[in-house]
1. May I ask you to verify whether LEU119 is part of a loop (DSSP other than H, G, I, E, B), touching a helix residue (DSSP H, G or I) at 6+ places or on another chain (Cβ under 9 Å) and either buried (at least 19 other Cβ atoms within 10 Å of the Cβ) or among the aliphatic types (A, V, I, L, M) (or both)?
2. On the basis of being under 16 Å from the mean Cα position of the chain (by Cα), polar (S, T, N, Q) and part of a helix (DSSP H, G or I), does THR102 make the cut?
3. Name every residue in the stretch 31-58 that is of a type outside the set (A, V, I, L, M), outside any strand (DSSP E or B) and surrounded by 16 or more Cβ atoms within 10 Å (Cβ to Cβ), in order of residue number.
4. Return the residues of the stretch 168-188 that are at pLDDT 80 or above and over 18 Å from the mean Cα position of the chain (by Cα); say none if nothing qualifies.
Amino acid sequence: MHGVKIATRRYFAAIAVIITIAPAIAQPSPMPRLLAAAPRFILQDDSGKNVSLDELTGKIVVLEWFDPNNDYTKRDYKAGATRKLAEKYRDKDVVWLAVNSTRLSDIGWNKRWAEENKLGYRVLDDSRLDVEKKYGITTAPFYFIVDKSGRIQYEGPIDDDDNRALVQGPKEGRINYIDRALGQLTMGQGFDRPQPRVYGDPLNQ
């Protein structure tokens, strides 16, 4: 009987430890601060090739977190918003990378997604959520701009239009934060950092 009591106490103690540490394990890291060094990573793109942030030093890198089941992603892709921006700055030392941290992500799925949406830029497989956690991503869409020295110059939404409706056009006077930031960075101008209101939905994990 004494042995049963000891075993019971050990069982409940183990459960208490699991409950205590589980939230800490599940939580992503805090989002990196502006001007901080961007967290390094290596991920496979939609052709199966490794993409390393270190190898892109000397380029301006846009990291686009998306969710194919997200209304905002559908809105922006229907309008070709990301594709048009990637094309606009492609010849100005800007590399655009989409990051798929959803449960749908694998090389084959990402390849089909890129082809169906005629992206013209690579889609990275973060199905293990390693990079999502490093960057503190909890919602999509979400963007980071990393400068040529590897420091974060922008983090937030693509623009200030938080209207998710697909049937309505862009709001009047919309500010495209990504376009403005890339324009200033590629021209070597001082960067006017906005404090955007973040919008989006939890990642579909």
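The values are calculated or read from the model by the stated rules, or taken from the named source; none is laboratory data. Note that this is a predicted model, so its numbers are computed, not measured. All Cβ positions, even for glycine, are placed from backbone atoms using ideal geometry, and neighbour counts span all protein chains on display.
1. Details: part of a loop (DSSP other than H, G, I, E, B): yes; touching a helix residue (DSSP H, G or I) at 6+ places or on another chain (Cβ under 9 Å): yes; either buried (at least 19 other Cβ atoms within 10 Å of the Cβ) or among the aliphatic types (A, V, I, L, M) (or both): yes.
Considered against the rule, which asks whether it is part of a loop (DSSP other than H, G, I, E, B), touching a helix residue (DSSP H, G or I) at 6+ places or on another chain (Cβ under 9 Å) and either buried (at least 19 other Cβ atoms within 10 Å of the Cβ) or among the aliphatic types (A, V, I, L, M) (or both), LEU119 comes out as yes.
2. Numbers: under 16 Å from the mean Cα position of the chain (by Cα): yes; polar (S, T, N, Q): yes; part of a helix (DSSP H, G or I): no.
No, not satisfied.
3. Kept after step one, since they are of a type outside the set (A, V, I, L, M), are these residues of the stretch 31-58: 32-33, 39-41, 44-50, 52, 54-55, 57-58.
Next cut, outside any strand (DSSP E or B) only: 32-33, 39-41, 45-49, 54-55, 57-58.
Selection gives PRO32, PRO39, PHE41, ASP45, ASP46.
4. First, the residues of the stretch 168-188 that are at pLDDT 80 or above: 174-188.
Those that are at pLDDT 80 or above and over 18 Å from the mean Cα position of the chain (by Cα): ARG174, ILE175, ARG180, GLY183, GLN184, LEU185, THR186, MET187, GLY188.
Let's see how each residue does on (1) modelled with pLDDT under 95; (2) touching a Pro at 6+ places or on another chain (Cβ under 8 Å):
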{"residue": "LEU104", "(1), (2)": "yes, yes"}
{"residue": "GLU116", "(1), (2)": "no, no"}
{"residue": "PRO141", "(1), (2)": "no, yes"}
{"residue": "ASP162", "(1), (2)": "yes, no"}
{"residue": "LEU166", "(1), (2)": "yes, no"}
{"residue": "GLY190", "(1), (2)": "yes, no"}
{"residue": "VAL198", "(1), (2)": "yes, yes"}
